[in-house]
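The values are calculated or read from the model by the stated rules, or taken from the named source; none is laboratory data. All values derive from a computational prediction rather than experimental measurement. Quick reminder, even Gly has a Cβ in these numbers, built from the backbone with ideal geometry, and neighbours come from all protein chains shown.
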Amino acid sequence: MDVAPLLALAVGAVGVTALARRLGWQAPLLLVLVGFAASFVPGVPQFAIDGDLLLAVVLPPLLYSAALEVSYADLRALLRPIVQLGVGLVVVTAVAVALVAHAVVPGLSLPAALVLGAVVAPPDAVSAAAIGRQLGLPRPVMTVLSGESLINDAASLTFYKVALAAVFGAGGVLLGLDASDAAATFGLAVTVGVALGLAIGWAVHLVRVRLADPVVTSVLGVVVPFGAYLLAEELSGSGVLAVVAAGLYLGHRSPEAGYASRLQERPLWSSLDLLLQAVVFALIGLQLRYVAESAEASARSNWALAGAGLAVLVTAVVVRPLFVYLVEALRRVPRPWRRRRSRSHRPSWRQQAVISWTGMRGVVTLAAAAAVPEDFPDRDVLQLLAYVVTIGTLLVQGLSLPWLIRVLGVTDPDQARRDAAAEVHLAERATAAALERVAELEQELAERVGAERAHAVAERIRGPLLARARSMSASMRAEESEETDRDRKRARTFHRVRQEIIQVQRRVLMEERDKGHLADEVMRAVLQELDYEEAATANSWVGRL
């Protein structure tokens, strides 16, 4: 295998992503456009996409890293709307798209149309989540979007397998499934996937809390999503759900693991996510030209394909808001026999409007379309329609979503203040507990080394604890005071001065190293301490003002 084109693709995709992030543009859409333009450049190779490889290599780490960041408590509180979107909407979308495609694409069988519906059914929440974070979407909305993205892939891929079996079953070749066994297949996939994922998460957690080696535990964390996915698929379970279950379990139990592992894992997964997402969307752009050319070779006219693409795209876009508001309307129907439920966790109608417009397609749609077998009837047409839906939703919904959020005012400007207050409250409780323990240790130590030495050691520990607590409390009071603007400027000035001091300390380290007065090992140890201090300052309430 020639790795040079792959390396060039990865470097180019990351470069385009960096430019998009710097300019505040949507990276997925820009990557698709640049990739499509690059496909016409002489010398640019036609990258062959292995759909099974994408499903096994690209999808697991993306899902796993997302699951690590999802709050289990928030997910449980909003489980009903998440399941409605992640399972119910996927099935409804797949069926609606299949019926429309069967009607508008001449000669397309209904089972083949169901495969198309399963391919384009699951939205990719990456773009929506990125936009939501930038514009300050309320946390319940972000939880619904993140939770939906964790389970809709499993539902769509299971539906996809059943539809494939229906197509090939008509020719006498069964793929281990039958359309009539869809419910049993889905139940088996869910049960095996979730159980296996929880078992793997439990076993890995036992290892990492007992293994004081952050490098090994980080490598183990990288292996988890691939192992969970492949093992679950071998056991006829859902690899996607296995990965999600393992990620949710390990993310929920992560505070019990070592600090060094947590410090390494977050930047590792962020970097890997960026690389994989960039490469996948670049591949969509590069393949679009060749998929369109292959579809043109079919007996159908270009106008018929264009009309079919538009019809399928409109269906995929419209079904989501119709489903969201229909479910909400049905929920509001009075039922005397139903126990009254709390409505505090249900998104408002404005939030549901935003949720209904976050239907951009992405990685799973590309991977499932590429994984369609070579001998599948109308494979080229199916792939073209899947690409049209992916790019169309990125254009229509991706570009208009920020405008919709601003117009409806679906933001939570007080979220940062509440988070800061919670952080201060937590720090105060943790500091109080720590000081109590320091006092106990001081008494124990005094019996061995004397009261004076024990007091000196205890004071060295108390000092930083009290200083940090006073700093956070003062920053919070400054935020809530009448002189907010002036106090914020003071806090920012303090933050900037502290950053400059750390830079000076780093410069001295490098100068001493270059003069031969300091070994690299010593320099790296001191540099790591400065890095931790700067990270703590940047992530503190003062640094976020």
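Filtering segment 214-234 to residues that are within 18 Å of the chain's Cα centre (by Cα) and surrounded by 18 or more Cβ atoms within 10 Å (Cβ to Cβ) leaves 221, 224, 225, 228, 229.
Taking the criterion of being in the same structural domain as residue 155 (by TED's automatic domain parsing), on the phi > 0 side of the Ramachandran plot and part of a loop (DSSP other than H, G, I, E, B), would at least one residue in segment 61-79 satisfy it? So far as segment 61-79 goes, no, none of its residues is in the same structural domain as residue 155 (by TED's automatic domain parsing), on the phi > 0 side of the Ramachandran plot and part of a loop (DSSP other than H, G, I, E, B).
All told, residue 165 meets the bar of being on the phi < 0 side of the Ramachandran plot and at pLDDT below 80.
Within segment 370-423, if we keep just the residues that are among the small types (Gly, Ala, Ser) and in a loop (DSSP other than H, G, I, E, B), the residue that is surrounded by the fewest Cβ atoms within 10 Å (Cβ to Cβ) turns out to be 409. For the subset of segment 80-109 comprising residues that are in a helix (DSSP H, G or I) and small (Gly, Ala, Ser), which member is surrounded by the fewest Cβ atoms within 10 Å (Cβ to Cβ)? Here the residue is 103.
For the structure I just gave you, tell me whether residue 191 is hydroxyl-bearing (Ser, Thr, Tyr) and either within 23 Å of residue 369 (Cα to Cα) or not assigned by TED's automatic domain parsing to the domain that holds residue 395 (or both). Considered against the rule, which asks whether it is hydroxyl-bearing (Ser, Thr, Tyr) and either within 23 Å of residue 369 (Cα to Cα) or not assigned by TED's automatic domain parsing to the domain that holds residue 395 (or both), residue 191 comes out as no. You will find that of 90, 95, the residue that is touching a Pro at 6+ places or on another chain (Cβ under 7 Å) and closer than 25 Å to residue 311 by Cβ is 90 and no other. Just to be sure, is residue 257 crowded, with 16+ Cβ neighbours inside 10 Å, assigned by TED's automatic domain parsing to the domain that holds residue 370, touching a helix residue (DSSP H, G or I) at 6+ places or on another chain (Cβ under 8 Å) and farther than 28 Å from residue 53 by Cβ? Judged against the criteria, residue 257 is a match. With (1) among the aliphatic types (A, V, I, L, M); (2) over 30 Å from residue 286 (Cα atoms); (3) in contact with a helix residue (DSSP H, G or I) (Cβ under 9 Å, 6 or more places away or on another chain) as the list, and residue 433 as the residue in question, which single condition is left unmet? So residue 433 meets the others, but not (3).
Considering only residues in segment 260-293 that are within 11 Å of residue 387 (Cα to Cα) and among the β-branched types (Val, Ile, Thr), the one that is surrounded by the most Cβ atoms within 10 Å (Cβ to Cβ) turns out to be 284.
Scanning segment 136-155 for residues that are among the acidic types (Asp, Glu) and either at pLDDT 85 or above or surrounded by fewer than 24 Cβ atoms within 10 Å (Cβ to Cβ) (or both) yields one hit, 148. Residues that are assigned by TED's automatic domain parsing to the domain that holds residue 69, in contact with a Lys or Arg (Cβ under 9 Å, 6 or more places away or on another chain) and free of Cβ contacts under 8 Å to residues at least 60 places away in the same chain are absent from segment 95-117. Checking residue 69 against (1) surrounded by fewer than 20 Cβ atoms within 10 Å (Cβ to Cβ); (2) over 12 Å from the mean Cα position of the chain (by Cα); (3) among the acidic types (Asp, Glu), only one condition comes out false. Which one? Every listed condition holds for residue 69 apart from (2). Looking for something outside any loop (DSSP other than H, G, I, E, B) and either out of contact with any helix residue (DSSP H, G or I) (no Cβ under 7 Å at 6 or more places or on another chain) or of a type outside the set (Lys, Arg) (or both) - is there at least one such residue anywhere in segment 39-46? Within segment 39-46, not a single residue is outside any loop (DSSP other than H, G, I, E, B) and either out of contact with any helix residue (DSSP H, G or I) (no Cβ under 7 Å at 6 or more places or on another chain) or of a type outside the set (Lys, Arg) (or both).
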